[in-house]
Amino acid sequence: MKRSLLLLSLLNLSACNGGIGSLSEIGHPPAMTRTQDPTRDTAYRPVTMPMPPLQPPPVEVASLWRPGSRAFFKDQRAAQVGDLVTVIVDITDNATMVDNTSASGGGNESMGIPSLFGFHGKAISHITSSSALSTSSSNSNTATGRISRNETVTVRVAGTITQVLPNGNFVVVGRQEVRVNSELRELQVTGVVRPQDITADNTVTHDRMAEARISYGGRGQLTILQTPRYGQQLLDAVAPF
């Protein structure tokens, strides 16, 4: 009975760890998720943003031009829920920070007792073997810190418009999975874009996305080897030293 409970606990722990080292994938490549509606994901939540008052576009009588169009006949850009738009992620991040701190301090205090409750200083000195209260202290602190970071991510992913906000902005959700041998790479992009920032070839850059969330990672055999074991992670979380 105890062995069964232990095995069940290990299975649950493995399943709750984001798929890393899942016992169900032993001897098999990591399973890919099904292509589905992003709004049906259990983690999906509709986005709400501050909105200005809604104003209808001006309408010209007997005009062939449609307000908001960039082409005379039809605007080919994504414009409604379900349309696709390509998100270009081009991140080049370099940062270097060096911080040196040095501090020191010292103090001395001395106090004499000439008389106490009628006893003169000499009598007090004879009893306590000291004629004064003297203290001294010193402290010092030295710290050195350095941060050096160099990141480059360049990818393109097609996303789906899941919401059209009242002011006309689009909520875009894009997900992509690529499996090579026993390693699965996952790319997720979400954010809010303006229709004006979508170019004529139906693309938008990541720096034009508000509330952008970009995740690039994976799972599989290489990820398992690069990830500390559950016991080590537990010890690192609770060990005080």
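The values are calculated or read from the model by the stated rules, or taken from the named source; none is laboratory data. No experiment lies behind these values; they were computed from the predicted model shown. In this analysis, Cβ positions are derived from the backbone assuming ideal geometry, glycine residues included, and neighbour counts consider all displayed protein chains. Just the protein is used for accessible areas: all its heavy atoms, side chains included, with ligands, DNA and RNA removed. Shrake-Rupley method; radii C 1.70, N 1.55, O 1.52, S 1.80 Å.
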Quiz item: Do you know which residues across segment 171-207 are of a type outside the set (A, V, I, L, M), over 19 Å from the mean Cα position of the chain (by Cα) and under 21 Å from Thr48 (Cβ atoms)?
Solution: Arg194, Pro195, Asp197
Quiz item: Which residue out of Arg179, Arg175 is in contact with a helix residue (DSSP H, G or I) (Cβ under 9 Å, 6 or more places away or on another chain), open to solvent by 50 Å² or more (accessible area, probe 1.4 Å), not in a loop (DSSP other than H, G, I, E, B) and not aromatic (Phe, Trp, Tyr)?
Solution: Arg175
Quiz item: For segment 48-66, how many residues meet the condition of being at pLDDT 75 or above and either open to solvent by 100 Å² or more (accessible area, probe 1.4 Å) or over 27 Å from Val172 (Cβ atoms) (or both)?
Solution: 3
Quiz prompt | Top-ranked residue in segment 212-223 [being in a strand (DSSP E or B) and within 20 Å of Ala31 (Cβ to Cβ); ranked as least open to solvent (accessible area, probe 1.4 Å)] | solution = Gly220
Quiz item: Is at least one residue of segment 40-47 modelled with pLDDT under 80 and either open to solvent by 90 Å² or more (accessible area, probe 1.4 Å) or closer than 30 Å to Arg156 by Cα (or both)?
Solution: no
Quiz item: What are the pairs, 6+ residues apart or on separate chains, where a residue within segment 189-206 that is over 19 Å from Thr154 (Cβ atoms) and in a loop (DSSP other than H, G, I, E, B) has its Cβ under 8 Å from a residue that is charged (D, E, K, R) and open to solvent by 40 Å² or more (accessible area, probe 1.4 Å)?
Solution: Arg194/Arg208; Ala200/Arg70
Quiz item: Is there a residue in segment 85-97 that is in contact with a Lys or Arg (Cβ under 8 Å, 6 or more places away or on another chain), surrounded by fewer than 10 Cβ atoms within 10 Å (Cβ to Cβ), acidic (Asp, Glu) and at pLDDT below 85?
Solution: yes
Quiz item: Looking at (1) modelled with pLDDT under 90; (2) closer than 30 Å to Thr35 by Cβ; (3) over 18 Å from the mean Cα position of the chain (by Cα), which is the only condition Thr152 fails?
Solution: (3)
Quiz item: What are the residue pairs meeting all of these: first residue in segment 224-241, first residue surrounded by 10 or more Cβ atoms within 10 Å (Cβ to Cβ), second residue among the hydrophobic types (A, V, I, L, M, F, W, C) and assigned to a loop (DSSP other than H, G, I, E, B), Cβ atoms under 7 Å, and 6 or more apart or on different chains?
Solution: Ile224/Ile20; Thr227/Ile20
Practice problem: Kindly list, by first and then second residue, each pair from a residue in segment 171-183 that is more than 20 Å from Asp41 (Cβ to Cβ) to a residue that is open to solvent by 70 Å² or more (accessible area, probe 1.4 Å) and among the polar types (S, T, N, Q), limited to pairs with Cβ atoms under 7 Å and residues at least 6 apart or on different chains. | Solution: Ser182/Gln221; Glu183/Gln221
